[in-house]
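Peer 1: My questions all concern the structure below.
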Amino acid sequence: MAKQVTGQAKFQVPGGQATPAPPVGTSLGKFGVNLGQFVQQFNDATREYNGTPIPVIVTVYNDRSFEFITKSPPAASLLKQSAGIAKGSGVPNKTKVGKVTRAQCAEIAEKKIKDLNARNIDHAVRMIEGTARSMGIEVEG
């Protein structure tokens, strides 16, 4: 008999630092997944990200087995790293909290291009620049 999908869970976990505590435990516990096994596999797969939040989609099957797909880190966290800031601005149209160059935006766009809904790299760069502006980060030529 073929495996049937029981459910799907989507959440973000710091790369290489997953634990069975929330959000992993609350998202996967209801499906009866072996949390220790998931945590170990996830941490091995995302060790190079070391603390950067990684979105993950876990598909759970009727025999309690699972498979997961990791996405690229959110643009906001990559922009915060590039600008060297802890968080975005509360009022981004008035208070600017950092600066990034267009080249840094292009580098972030290349990391995220497979997860973005963009036709080409230019559109992806413009999306990243828009995210930066909405966080109160100035984009310099």
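The values are calculated or read from the model by the stated rules, or taken from the named source; none is laboratory data. Because the structure is a prediction, the values reported are computed rather than measured. Positions of Cβ are backbone-derived with ideal geometry, glycine not excepted, and every protein chain shown enters the neighbour counts.
Yes/no matrix, rows are residues, columns are (1) within 22 Å of P74 (Cβ to Cβ); (2) at pLDDT below 80:
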{"residue": "V13", "(1), (2)": "yes, no"}
{"residue": "G16", "(1), (2)": "yes, yes"}
{"residue": "Q37", "(1), (2)": "no, no"}
{"residue": "A45", "(1), (2)": "yes, no"}
{"residue": "E48", "(1), (2)": "yes, no"}
{"residue": "G51", "(1), (2)": "yes, yes"}
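Peer 1: For the range 70-141, please list each of the helices (runs of 4 or more DSSP H) lying entirely inside it that holds at least 1 residues being at pLDDT 85 or above and either touching a Leu at 6+ places or on another chain (Cβ under 8 Å) or surrounded by fewer than 20 Cβ atoms within 10 Å (Cβ to Cβ) (or both).
Peer 2: 102-112, 121-134
Peer 1: Which one of the conditions (1) under 15 Å from the mean Cα position of the chain (by Cα); (2) of a type in the set (S, T, N, Q); (3) under 30 Å from G7 (Cβ atoms) does T131 fail to meet, given that it meets all the rest?
Peer 2: Of (1) under 15 Å from the mean Cα position of the chain (by Cα); (2) of a type in the set (S, T, N, Q); (3) under 30 Å from G7 (Cβ atoms), only one is false for T131: (3).
Peer 1: Looking at the range 35-54, can you tell me whether even one residue there is in a loop (DSSP other than H, G, I, E, B) and touching a Lys or Arg at 6+ places or on another chain (Cβ under 9 Å)? Outline the logic, then answer.
Peer 2: First, the residues of the range 35-54 that are in a loop (DSSP other than H, G, I, E, B): 46, 50-52.
So of that shortlist, the ones also touching a Lys or Arg at 6+ places or on another chain (Cβ under 9 Å) come out as none.
So far as the range 35-54 goes, no, none of its residues is in a loop (DSSP other than H, G, I, E, B) and touching a Lys or Arg at 6+ places or on another chain (Cβ under 9 Å).
Peer 1: Can I ask one more? Kindly indicate which of G29, G84, G51, G130 is free of Cβ contacts under 8 Å to residues at least 24 places away in the same chain and either in the same structural domain as T19 (by TED's automatic domain parsing) or in contact with a His (Cβ under 7 Å, 6 or more places away or on another chain) (or both).
Peer 2: Only one candidate passes the filter, namely G29.
Peer 1: Which residue pairs have Cβ atoms closer than 7 Å, lie 6 or more positions apart in sequence or on different chains, and pair a first residue in the range 1-16 that is without any contact (Cβ under 8 Å) to a residue 24 or more places away in the chain with a second residue that is surrounded by 12 or more Cβ atoms within 10 Å (Cβ to Cβ)?
Peer 2: none
Peer 1: For the range 24-35, how many residues are loosely packed, with under 15 Cβ neighbours inside 10 Å and at negative phi?
Peer 2: Residues meeting the conditions: 4.
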